Amino acid sequence: MKITLRDLKHHAIASTLFPATTLGRAITRLGFVQADPIRSPARAQDLILRHRVTDYRVDEINRKYRSLKLEEDFLYAYGFMPLGTWRLLHPRVQRALTAAEQRVLDIVSSNKHLHPRKLEASLGKERETNAWGGYSKSTTRSLERLHYMGLIRIAGREKGVKLYEKAVFKHDLIDPEERLRRLAFMITSILAPVPYSSIRAAIRNLGYAAPHLQGRTKVVDAMLKSGEIESAEVGGVRYLWPAGRLLRKQPEERVRFLAPFDPLVWDRRRFEYFWGWPYRFEAYTPPAKRKLGYYAMPLLWGPEIIGWVNASKSGAELGIEAGFVTGKQPSGKVFQRAFEEESERLRQFLLSAGDDD
């Protein structure tokens, strides 16, 4: 049977927007949830999970972080992951610690859950240049480097601030080639069906997340050859997905406001191939140059992403500004009712935020 762009879109929606389940099962099924600190109207991880977890509440991932044995780390982006994913990334290549890093590690090791503020009280607030050319506290940079090396871990958060503790996990003795294959397969599954050029680019990011794993440029072709993943060319673009039948189920007539980093819209290249217009995240774009808005969320209607919304909360009220690719809202009561229902779901979700958020 010939595969069409319609088939690929239906599979993408069905595979990532699966029926709502528990938080633990959703994170295990996804394998990774991207995080972002901007709250407009909520953090990306919460906006992603509200579509996949039954009765999900704001910041629930942090409240259940320890009981679910989650980790924070970098995969193809920074985010939350189950322990099984984290173990594929570690151990990373080690190096000798600087004197400053050793002091920080000693202090973290002697505390159960260390707040950076306590570290600053012991070592001061000296600053150094960070990876973006700005300045960060030296203690913060040391914590980040120790976390990257797997010597300390994120134990949880306190009002959004990371708490640290010494990492004591035993690493599974998995062959490096097998670890790379599992990671590449996972990323392909998260983003499927994904353009060949996009998955190769995402796996190249493992050069930071797992620099010790060699063969990143060849692993996709190896999985295609073994039959673990399949591919098809549609519209001159080669798409890849885990081996098995495509999910061709017609998406329900429902409106969803998606996070800018939701797996369905993460790959901007595929977004434009699928829906015919360029979506851009503009939070860091100068206001005068924004076209969609500070935190424009893609608007999914059935199988199509037809526009975007910007949401702002004031007390119990939620303001929604919608934009449409065609310049006008779809006519008819069905869309209007579905839009109002999603607006109310988002409003109720935002009201679930606790005092500790």
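The values are calculated or read from the model by the stated rules, or taken from the named source; none is laboratory data. What you see is a predicted model; the values in this text were computed from it and never measured. Counting neighbours? That spans all protein chains shown, and the Cβs are built from the backbone with ideal geometry, glycine included. Heavy atoms of the whole protein, side chains included, go into the accessibility calculation; ligands, DNA and RNA do not. Shrake-Rupley method; radii C 1.70, N 1.55, O 1.52, S 1.80 Å.
Would you say Arg248 is touching a His at 6+ places or on another chain (Cβ under 7 Å) and under 14 Å from Ala12 (Cα atoms)? If you could, list the steps in order and put the result at the bottom.
On the way: touching a His at 6+ places or on another chain (Cβ under 7 Å): yes; under 14 Å from Ala12 (Cα atoms): yes.
Judged against the criteria, Arg248 is a match.
Determine whether the stretch 276-299 contains at least one residue that is open to solvent by less than 10 Å² (accessible area, probe 1.4 Å) and more than 22 Å from Ala42 (Cα to Cα).
no
Yes or no, residue by residue, for (1) under 26 Å from Leu183 (Cα atoms); (2) touching a residue at least 60 places away in the same chain (Cβ under 8 Å); (3) open to solvent by less than 30 Å² (accessible area, probe 1.4 Å); (4) among the hydrophobic types (A, V, I, L, M, F, W, C):
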position	(1), (2), (3), (4)
Ile48	yes, yes, yes, yes
Arg52	yes, no, yes, no
Val58	no, yes, yes, yes
Lys64	yes, no, no, no
Lys69	yes, no, no, no
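Need the failing condition index for Ser343 against (1) hydroxyl-bearing (Ser, Thr, Tyr); (2) more than 24 Å from Asp59 (Cβ to Cβ); (3) open to solvent by less than 40 Å² (accessible area, probe 1.4 Å), just the number.
(2)
So Ala316 clears everything in (1) under 24 Å from Val33 (Cα atoms); (2) open to solvent by less than 80 Å² (accessible area, probe 1.4 Å); (3) without any contact (Cβ under 8 Å) to a residue 40 or more places away in the chain; (4) not charged (D, E, K, R) except one condition, right? Which one?
In the conditions (1) under 24 Å from Val33 (Cα atoms); (2) open to solvent by less than 80 Å² (accessible area, probe 1.4 Å); (3) without any contact (Cβ under 8 Å) to a residue 40 or more places away in the chain; (4) not charged (D, E, K, R), Ala316 misses (1) alone.
Give Arg216, Arg182, Arg245, Arg200 a once-over and let me know the one that is assigned to a helix (DSSP H, G or I) and either without any contact (Cβ under 8 Å) to a residue 40 or more places away in the chain or among the β-branched types (Val, Ile, Thr) (or both).
Result: Arg200 is the single residue among Arg216, Arg182, Arg245, Arg200 that is assigned to a helix (DSSP H, G or I) and either without any contact (Cβ under 8 Å) to a residue 40 or more places away in the chain or among the β-branched types (Val, Ile, Thr) (or both).
Going by the conditions given, is Val93 among the hydrophobic types (A, V, I, L, M, F, W, C), on the phi < 0 side of the Ramachandran plot and modelled with pLDDT of 95 or more?
no
Those residues that are modelled with pLDDT of 90 or more and among the hydroxyl-bearing types (Ser, Thr, Tyr), I need them from the stretch 312-331; list them, please.
Result: Ser312, Thr326, Ser331.
Name every residue in the stretch 1-33 that is closer than 19 Å to Arg57 by Cα, without any contact (Cβ under 8 Å) to a residue 12 or more places away in the chain and part of a loop (DSSP other than H, G, I, E, B), in order of residue number.
Pro19
Could you list, in sequence order, the residues of the stretch 283-310 that are assigned to a loop (DSSP other than H, G, I, E, B), of a type in the set (A, V, I, L, M, F, W, C) and touching a strand residue (DSSP E or B) at 6+ places or on another chain (Cβ under 8 Å)?
Step one: filter the stretch 283-310 for residues assigned to a loop (DSSP other than H, G, I, E, B), giving 283-286, 290-296, 302-303.
Now restrict to residues that are of a type in the set (A, V, I, L, M, F, W, C): 283, 292, 296.
Residues satisfying the conditions are Leu292, Ala296.
Enumerate the pairs (first residue in the stretch 324-352 and farther than 25 Å from Trp277 by Cβ; second residue anywhere and open to solvent by 60 Å² or more (accessible area, probe 1.4 Å)) with beta-carbon separation below 7 Å, excluding pairs fewer than 6 apart on the same chain, so at least 6 apart or on different chains.
Partner pairs satisfying both residue conditions: Leu350/Lys313; Ser352/Arg57.
Return the residues of the stretch 259-275 that are touching a residue at least 40 places away in the same chain (Cβ under 8 Å), open to solvent by 10 Å² or more (accessible area, probe 1.4 Å) and of a type in the set (Asp, Glu); say none if nothing qualifies.
Answer for the stretch 259-275, where residues must be touching a residue at least 40 places away in the same chain (Cβ under 8 Å), open to solvent by 10 Å² or more (accessible area, probe 1.4 Å) and of a type in the set (Asp, Glu): just Asp267.
Is it the case, given these coordinates, that Ala259 is of a type outside the set (Lys, Arg) and part of a loop (DSSP other than H, G, I, E, B)?
yes
Kindly indicate whether any position in the stretch 219-240 is more than 30 Å from Glu72 (Cα to Cα), of a type in the set (Asp, Glu) and either assigned to a loop (DSSP other than H, G, I, E, B) or open to solvent by 50 Å² or more (accessible area, probe 1.4 Å) (or both).
Among the residues of the stretch 219-240, at least one is more than 30 Å from Glu72 (Cα to Cα), of a type in the set (Asp, Glu) and either assigned to a loop (DSSP other than H, G, I, E, B) or open to solvent by 50 Å² or more (accessible area, probe 1.4 Å) (or both), which makes the answer yes.
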